[in-house]
Amino acid sequence: MSVKIFDTPEVQDFLKTVSGFDQSGGNERAKQIMHRLLSDLYRLVDDYDVTPEEFWSSVSVLNALGEGTQFGLLAPGLGFDHYLDMRMDAEDKQRGLSGGTPRTIEGPLYVAGAPEAEGFARMDDGTDSGAEVMWLTGQVRDVDGQPVTGAKVEIWHADSKGGYSFFDPSQSEYNLRRTIITDSQGRYTARSIIPSGYGVPEGCATDQVLKLLGRHGQRPAHIHYFISAPGHKHLTTQINLAGDPYTFDDFAFATREELVIEGRRIEDPAEADKRGLEGPFTEVVFDVELARTDAPELQHRHKRPRALESEEAESQQASQAKV
Ligand SMILES: [Fe+2]
């Protein structure tokens, strides 16, 4: 039986009470947002005639997501991370700050405090023996094409099995995580390994939600970046390696056309030798263009819980999350 009670004065008054409108304490913005959120959900219950069974099974899914610290994994799957990017793109446009390499989602797996190097770093610990060697390099430039010397390039990516150090305890500390400061030509170079794409764990709460939507939870092979330099807009981005079956079908919606990079397999021993490598390798070139800004708040990454960056982050680490 379908009933419609949302618009009755009784329900509307009830929503105000539930949201603390008649209380002097609390936080005004929280009250307003909670009121709006609850109103939308109450209306949804009315409109879709949600049964008590359906409601309580949703509560079970939320509990399972929380227990597995998976909200940070489901959020990009439901497009929230990309939506926030779209809003920041629109804000940049409004400020006249367009141009530069596009941003894309951070994901929850950054770990603060990676070793820092000038110009070049080796990122892998040498234990991923079956992995293809990756020579990752590029130049950081401003919008006029001038090299940006001393830019901070933070890079992190998964291993050949799709796992990230810190979250995957089998890997060594800071494996596949480095900060490289660009040289006098604005260049950074890393020796690493080609990462693998990966999927959300089979059967986990995130997987269950995606399956309800008829969707998969796979990501293509990708490499995360933070790039910053004084006087320039901080850039959070990722590159997706071309040729992965999920390059243009990423469950986290991080792929952007300009950020798809084709690796080049190099088998010439002379080229390997030049780089101090012993066999064939894949070179990945990612040049970065930073937009200029004088606004200090735009020169740094925005705040959010991050591993080893704040105490708050410690309680939010997503041990299973892979984004
Ligand atoms: Fe990732």
Beyond 25 Å, what share of the Cα-Cα pairs of the range 27-143 remains, rounded to the nearest whole percent?
57
Too long at a 22 Å Cα-Cα cut-off: which of Lys161/Lys233; Lys152/Lys233; Lys233/Lys303; Lys152/Lys303?
Lys161/Lys233
Packing-wise, with mean Cβ within 10 Å as the measure, how do 253-259, 25-31 rank, highest first?
253-259, 25-31
Quick one: what Rg and Dmax do you get for the range 81-192 from the alpha carbons, in Å?
16.1, 48
May I ask you to evaluate 6.51 cos²θ - 1.76 cosθ + 1.60, the Karplus curve with θ = phi - 60°, for each residue of the range 135-148 and list the ³J(HN,Hα) values in order in whole Hz, giving x for glycine and proline?
10, 9, 8, x, 10, 9, 10, 8, 5, 9, x, 7, x, 9
Between 0 and 90 degrees, rounded to the nearest ten: what's the tilt of helix 9-18 against the longest Cα principal axis of the chain?
50
State the extension gain, in nm to one decimal, for the chain segment bounded by Ala64 and Thr17, taking 0.36 nm per residue of separation less the distance between their alpha-carbons.
14.0 nm
Using modelled amide H (1.01 Å from N, peptide plane; none on Pro or chain starts), what sits under 5 Å from the amide H of Val111, excluding residues fewer than 5 places away?
none
At 4 °C and 1.567 mPa s, what whole-number value in µm²/s does Stokes-Einstein give for the translational diffusion of the range 155-208, with Rh from the Kirkwood sum over Cα pairs?
99
Rounded to the nearest 0.05, what FRET efficiency do Gln94 and Thr51 give with R0 = 41 Å and r taken as the Cβ-Cβ distance? Could you check?
0.40
Output the peptides 96-105, 274-283 sorted from most to least packed, where packing is the average of other Cβ atoms within 10 Å over each peptide's residues.
96-105, 274-283
Report, as a whole number in µm² per second, the diffusion coefficient that Stokes-Einstein gives for the chain at 20 °C and 1.002 mPa s using the Kirkwood radius over alpha carbon pairs.
97
For the chain, what does the helix formula give at 222 nm: sum of -39500 (n - 2.57) over DSSP H segments with n ≥ 4, over the residue count, nearest 500 deg cm²/dmol?
-8000 deg cm²/dmol
Computed lengthening from Asp268 to Asp125, 0.36 nm per intervening residue step minus Cα-Cα distance:
49.1 nm
Go through the range 29-94 and name the GluC sites (Glu not before Pro) that are in a DSSP coil and have 15 or fewer other Cβ atoms within 10 Å of their Cβ.
none
Enumerate the calculated ³J(HN,Hα) couplings along the range 108-123 in order (Karplus 6.51 cos²θ - 1.76 cosθ + 1.60, θ = phi - 60°), each rounded to whole Hz, writing x wherever the residue is Gly or Pro.
x, 10, 5, 10, 6, x, 5, x, 10, 9, 9, x, 9, 8, 8, 9
Considering only the other residues whose Cβ falls under 13 Å of the Cβ of Asp13, what net charge follows from Lys and Arg at +1 and Asp and Glu at -1?
-2
Quick calc, Gln146 & Ser172: beta-carbon distance into FRET formula, R0 51 Å, rounding 0.05, result 0.85
With axes computed from alpha carbons, what is the tilt in degrees of helix 28-47 against the longest principal axis of the chain, rounded to the nearest 10 within 0 to 90?
70
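No lab work stands behind these numbers, since they all come straight from the coordinates. Just so we're clear, the structure is a prediction, and the values are computed from it rather than from any experiment. Virtual Cβ from ideal backbone geometry, glycine too; neighbours counted across all protein chains shown.
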